[in-house]
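The next block holds one structure in the form of structure tokens; read it before the comments.
The values are calculated or read from the model by the stated rules, or taken from the named source; none is laboratory data. If you're wondering where the values come from, they're calculated on a predicted model, not measured in any experiment. Please note: Cβ atoms are built from the backbone with ideal geometry, for glycine as well, and neighbour counts cover all protein chains shown.
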Amino acid sequence: MSSLSDSQKKFYEEALQQTKSEVEDLEAQIQEELGRVKQKIADLQAAQKAARQMYDAACQRLGIPNDLEEEDTGG
């Protein structure tokens, strides 16, 4: 390892701290965004489940097969 002058050493130590802080901040932002995405997916899945239940009920009332169920079991 090459020897650094005091000013060079200080420069790199400061860069180290700044970039470490930046990495930690970005990680926190990533986790926050992931939380939002997971919540959005959960909301969409709940809405889809409710719509499928209504679709199934309509199929039953009309006396026709639920083609969405066939897609679910076929995949």
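Every test in (1) surrounded by fewer than 10 Cβ atoms within 10 Å (Cβ to Cβ); (2) assigned to a helix (DSSP H, G or I) is passed by residue 53 save one, and that test is (1). Surrounded by 10 or more Cβ atoms within 10 Å (Cβ to Cβ), outside any helix (DSSP H, G or I) and modelled with pLDDT under 95 - does that describe any residue in region 2-18? Yes, the conditions are met somewhere in region 2-18.
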